[in-house]
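The values are calculated or read from the model by the stated rules, or taken from the named source; none is laboratory data. Please read these numbers as outputs of a predicted model, since none were measured by experiment. With ideal geometry, Cβ positions are generated from the backbone for all residues, glycine too; neighbour counts draw on all protein chains shown.
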Amino acid sequence: MKKTIYYWSPCLTQIATVKATLNSAISLSKYSNDYDVRIINVCGEWNKYRNQLLENNISIENLSFNYYNFLPKNGFINYRISNLIIFLVSLIPLIFLIRNKRPDYFMIHMITSLPLILLNFFNSKTKVILRISGSPKLNFFRKKLWMFSGKKIFIVTCPTDDLKKNLIENEIFEKTKLVKLYDPVINIKEFIKKKGIDKSIEKENKTYFVAAGRLTKQKNFIYLIKEFKKFCSIYPDEKLLIFGEGELRNRLNNEIKKSSLSENVKLPGYTDNIYKHMLNSKAFILSSLWEDPGFVIIESALCNSMIISSNCKNGPSEFLLSGNAGLLFENNVNDELFEKLKDFKKLEKKEIFKKKVLAKKNSKKFTMFRHFLGLKKIIEQI
């Protein structure tokens, strides 16, 4: 008899968790016939992926009516308001789902309190696997909830050793429950398909630097623009493309104009094929305040890009082997990134090639199949 696995991941914007949830669910369905995989469609947020999910034999459980388009999405306050609405609207329907469906496993991919609270009170059979990523704020409520839910949470997965160490030090979960599980960042089939859209890509001259991510405080693009301005004062022909959308677009545009970089720095918006730009870049720059280790640097490593990354919390240094597989700089430190960009210009081709090879080798740990093997082992153990 198949084991039923429900995914809870009410993502309101195009964030990495969407890909992590989607690829994790697909990997279980694709590589094994032992699981009945389902994604809970909380407010209509998974409607756009319906065909892809159904093609991979993944069921969609509609929790209530579709109100996704009416939820405020950009900005900290709007995000909190939307989470509160989801909590209130989902409360009763989720109680019925848990009591009637009685799933074997509940995969929580977003740090939201509702499923943990309800699973504690209404079900003793379902086993919870909690995925924690990024740099979660360990406020009083969250600590108490996680400690209260300790018996119900069977496993907590972390994509990096740094995050796992951080959670151990905070003594919220039993050490034995914390497991490192690589995120399923890379879908090889999708990569080959998108890479092949324009076969001339890799033959072009590499003319620009690339950065990508939601235009939010976490990605720290203001710092990137300020440091790139210094770089352009020495190398005035250098170009930077920052892909993504978010609430800070206007502020970033103003910073570009204020810095007189309109010809050097562009904001092309969101792209569904970042690979082709990574393949044609001089280097990929990660300026984030925190990551784990950052889906975009894994993807850029797969594209054989040189990586220049902030040494932020929870992972880039771990992925880049303390700088052996790329260049690391201390974030928000004046001239740090500027100096690394100058160092990059001086690197010999042989040294760049060596770093690229190591990074690309490391990226193979984040394939869907590698994730499936790790997740299957976890499920069998509990």
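Kindly check whether there is at least one residue in the range 242-253 that is closer than 27 Å to GLU190 by Cβ, at pLDDT 95 or above and assigned by TED's automatic domain parsing to the domain that holds LYS350.
Scanning the range 242-253, I find at least one residue that is closer than 27 Å to GLU190 by Cβ, at pLDDT 95 or above and assigned by TED's automatic domain parsing to the domain that holds LYS350, so the answer is yes.
Specify the residue that is surrounded by the fewest Cβ atoms within 10 Å (Cβ to Cβ); the eligible residues are those in the range 48-63 that are touching a residue at least 12 places away in the same chain (Cβ under 8 Å) and in a helix (DSSP H, G or I).
Residue satisfying both the conditions and the ranking: GLN52.
Sort out which residues of the range 71-85 are free of Cβ contacts under 8 Å to residues at least 12 places away in the same chain and in contact with a helix residue (DSSP H, G or I) (Cβ under 9 Å, 6 or more places away or on another chain), and write them in order of number. It would help to see each step written out before you state the result.
To start, the set of residues in the range 71-85 that are free of Cβ contacts under 8 Å to residues at least 12 places away in the same chain comprises 72, 76-78, 80-81, 84.
Within the range 71-85, PRO72, PHE76 meet the criteria.
Return the only residue of SER287, SER363 being in contact with a Ser or Thr (Cβ under 9 Å, 6 or more places away or on another chain), touching a residue at least 60 places away in the same chain (Cβ under 8 Å) and within 26 Å of GLU238 (Cα to Cα).
SER287 is the lone residue from the list that is in contact with a Ser or Thr (Cβ under 9 Å, 6 or more places away or on another chain), touching a residue at least 60 places away in the same chain (Cβ under 8 Å) and within 26 Å of GLU238 (Cα to Cα).
Six or more apart or on different chains, Cβ atoms under 8 Å: show the pairs whose first residue is in the range 328-342 and free of Cβ contacts under 8 Å to residues at least 60 places away in the same chain and aromatic (Phe, Trp, Tyr) and whose second is surrounded by fewer than 21 Cβ atoms within 10 Å (Cβ to Cβ) and outside any helix (DSSP H, G or I).
Once the first residue is free of Cβ contacts under 8 Å to residues at least 60 places away in the same chain and aromatic (Phe, Trp, Tyr) and sits in the range 328-342, its partners that are surrounded by fewer than 21 Cβ atoms within 10 Å (Cβ to Cβ) and outside any helix (DSSP H, G or I) give PHE329/ASN311.
Run SER322 past the list (1) touching a Lys or Arg at 6+ places or on another chain (Cβ under 7 Å); (2) surrounded by fewer than 17 Cβ atoms within 10 Å (Cβ to Cβ) and report the number of the one that doesn't hold.
Single failed check for SER322: (1).
Do we have LEU248 as among the hydrophobic types (A, V, I, L, M, F, W, C), touching a Leu at 6+ places or on another chain (Cβ under 6 Å) and free of Cβ contacts under 8 Å to residues at least 40 places away in the same chain here?
Judged against the criteria, LEU248 is a match.
With the checklist (1) surrounded by fewer than 18 Cβ atoms within 10 Å (Cβ to Cβ); (2) within 21 Å of LYS2 (Cα to Cα) in hand, flag the one item LEU22 doesn't pass.
(1)
In this structure, does PRO93 turn out to be surrounded by 15 or more Cβ atoms within 10 Å (Cβ to Cβ), part of a helix (DSSP H, G or I) and modelled with pLDDT under 85?
The answer is no for PRO93.
Quick check on my filter: what residues within the range 311-366 are closer than 24 Å to TYR223 by Cβ, part of a helix (DSSP H, G or I) and among the basic types (Lys, Arg)?
Correct list: LYS340, LYS342, LYS345, LYS346, LYS355.
Being under 21 Å from SER300 (Cα atoms), at pLDDT 90 or above and in contact with a Gly (Cβ under 8 Å, 6 or more places away or on another chain) narrows it down to one of LYS219, LYS239, so name that one.
After applying the criteria, what remains is LYS219.
Output the residues belonging to the range 1-33 that are within 15 Å of MET107 (Cβ to Cβ) and among the charged types (D, E, K, R).
LYS3, LYS19
Say we look at the range 236-253 and pick out the residues that are of a type outside the set (D, E, K, R) and surrounded by fewer than 13 Cβ atoms within 10 Å (Cβ to Cβ); which of these is nearest to SER288 (Cα to Cα)?
Initially, the range 236-253 is screened for residues of a type outside the set (D, E, K, R), giving 236, 240-244, 246, 248, 250, 252-253.
Applying the additional criterion that residues be surrounded by fewer than 13 Cβ atoms within 10 Å (Cβ to Cβ) yields 236, 250.
Working: PRO236: 25, ASN250: 19 Å.
Among those that are of a type outside the set (D, E, K, R) and surrounded by fewer than 13 Cβ atoms within 10 Å (Cβ to Cβ), it is ASN250.
Return a yes/no flag: does the range 289-302 have any residue that is part of a loop (DSSP other than H, G, I, E, B), of a type in the set (S, T, N, Q), within 16 Å of ALA211 (Cα to Cα) and not assigned by TED's automatic domain parsing to the domain that holds GLN14.
No: zero hits.
Let me confirm something: among LYS266, LYS276, LYS226, which residue is outside any strand (DSSP E or B) and at pLDDT 95 or above?
LYS226
Picking from ASN66, ASN100, ASN74, which residue would you name as being assigned to a loop (DSSP other than H, G, I, E, B), surrounded by fewer than 17 Cβ atoms within 10 Å (Cβ to Cβ) and not hydrophobic (A, V, I, L, M, F, W, C)?
Exactly one residue qualifies, and that residue is ASN66.
Given the criteria under 30 Å from ASN280 (Cβ atoms), at pLDDT 75 or above and either in a strand (DSSP E or B) or not hydrophobic (A, V, I, L, M, F, W, C) (or both), does GLU190 qualify?
yes
Those residues that are outside any strand (DSSP E or B) and more than 24 Å from the chain's Cα centre (by Cα), I need them from the range 30-47; list them, please.
If the condition is that a residue be outside any strand (DSSP E or B) and more than 24 Å from the chain's Cα centre (by Cα), then SER32, ASN33, ASP34 are the ones that fit.
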